[in-house]
1. Output yes when any residue across the stretch 180-189 is at pLDDT 90 or above, over 17 Å from Leu83 (Cβ atoms) and hydroxyl-bearing (Ser, Thr, Tyr), and no when none is.
2. Enumerate the helices (runs of 4 or more DSSP H) found wholly within the stretch 150-209, keeping only those where 1 or more residues are touching a residue at least 40 places away in the same chain (Cβ under 8 Å).
3. Taking the condition of being of a type in the set (Ser, Thr, Tyr) and surrounded by 11 or more Cβ atoms within 10 Å (Cβ to Cβ), how many residues in the stretch 1-60 meet it?
4. Would you list the helices (runs of 4 or more DSSP H) that sit entirely within the stretch 16-121 and hold 2 or more residues that are more than 22 Å from Met160 (Cβ to Cβ) and modelled with pLDDT of 90 or more?
5. Name the residue, out of Ala119, Ala135, that is free of Cβ contacts under 8 Å to residues at least 24 places away in the same chain and under 17 Å from Thr44 (Cα atoms).
6. Within 17 Å of Ala147 (Cβ to Cβ) and not charged (D, E, K, R): which single residue out of Thr62, Thr95 fits that description?
7. Which ones in the stretch 99-136 are surrounded by 14 or more Cβ atoms within 10 Å (Cβ to Cβ) and of a type in the set (Phe, Trp, Tyr)?
8. So, in the stretch 177-207, exactly how many residues are more than 19 Å from Asn41 (Cα to Cα) and surrounded by 12 or more Cβ atoms within 10 Å (Cβ to Cβ)?
Amino acid sequence: MPTRAIPYVKVLIHLLCLLPIFWLAGQYQSGALANDADPVNRITHFTGDWALWMLLICLAVTPVRRLHAKLSNLIRFRRMLGLYAFFYATLHLATYVFLFSGYDVQAAWAGVSAGHVGAVWEQLKEIWPKMLEDALKRRFIQVGLFAWVILLALAVTSPMFVLRGMGGKNWQRLHRLVYVGAFAACVHYWWMVKTGVRTPWKDSAVLGVLLGARVVWTVWNERKKARRGAVAAGV
């Protein structure tokens, strides 16, 4: 990919990554979402699905760019895709907090409109005991929060100035946790669906292929270095 085309491709990727949320907003405005049997459940699955898909696409960038030298510029889009994965994961979590857990959005909005910004926090304090009880009782919430915290850490440390401050090696060690986050997200999906539902298998299979590709690349690279070392020693 020519370097001069990257800014235009980034604009296109931004638009493509925002299409799901635009579509969901359209469903809300048209009333189609309200007519759904369980709108909150639909939003929960929709945002969770896109968070995981974005994360898998982000992980696919590295193995795909290794296929050919002309694809090396794909690395320029990995950070953007990772941030969109975090964006949809945060919407997924926000759906639970503000729509599922009993948070009174109308009361909070009325308070803010009246100039009482603390109403947002007050409503959150009211539902906090229920949320904590849910988190302690339901393991899929625990592993989902774990995955979100990892994505949060990666998003916060994604800017270049943070990379320079941490040092390249420390930054790489932290960002390898993205694989742990993806694994936790898949486990969260499996534990969230009803027993007997196999829908998460496709996402899990894609993650398995991506992890396998990384292992193969690492082994091949190590053997290549070992052969070079043996040739150099022979010389």
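The values are calculated or read from the model by the stated rules, or taken from the named source; none is laboratory data. Not measured: the values here are computed from a predicted model. Positions of Cβ are generated from backbone atoms using ideal geometry, with glycine treated the same way; all protein chains shown enter the neighbour counts.
1. Initial filter on the stretch 180-189 (at pLDDT 90 or above): 180-189.
Within this subset, residues satisfying the condition of being over 17 Å from Leu83 (Cβ atoms) are 180, 183-184, 186-189.
Then drop every residue that is not hydroxyl-bearing (Ser, Thr, Tyr), which leaves 189.
Yes, that holds for at least one residue.
2. On the way: elements: 160-166, 168-175, 177-192.
Once the helices (runs of 4 or more DSSP H) in the stretch 150-209 are filtered for at least 1 residues that are touching a residue at least 40 places away in the same chain (Cβ under 8 Å), what remains is 177-192.
3. Of the residues in the stretch 1-60, 3 are of a type in the set (Ser, Thr, Tyr) and surrounded by 11 or more Cβ atoms within 10 Å (Cβ to Cβ).
4. Values: elements: 39-65, 78-95, 105-113.
By residue number, 39-65, 78-95.
5. On the way: Ala119 fails: under 17 Å from Thr44 (Cα atoms).
Testing whether each residue is free of Cβ contacts under 8 Å to residues at least 24 places away in the same chain and under 17 Å from Thr44 (Cα atoms) leaves just Ala135.
6. On the way: Thr62 fails: within 17 Å of Ala147 (Cβ to Cβ).
Being within 17 Å of Ala147 (Cβ to Cβ) and not charged (D, E, K, R) holds for just one of Thr62, Thr95, which is Thr95.
7. Result: Phe100, Tyr103.
8. Of the stretch 177-207, the ones more than 19 Å from Asn41 (Cα to Cα) are 177-184, 201-207.
When the remaining residues are screened for being surrounded by 12 or more Cβ atoms within 10 Å (Cβ to Cβ), the result is 177-184, 201, 203-204, 206-207.
Counting residues in the stretch 177-207 that are more than 19 Å from Asn41 (Cα to Cα) and surrounded by 12 or more Cβ atoms within 10 Å (Cβ to Cβ) gives 13.
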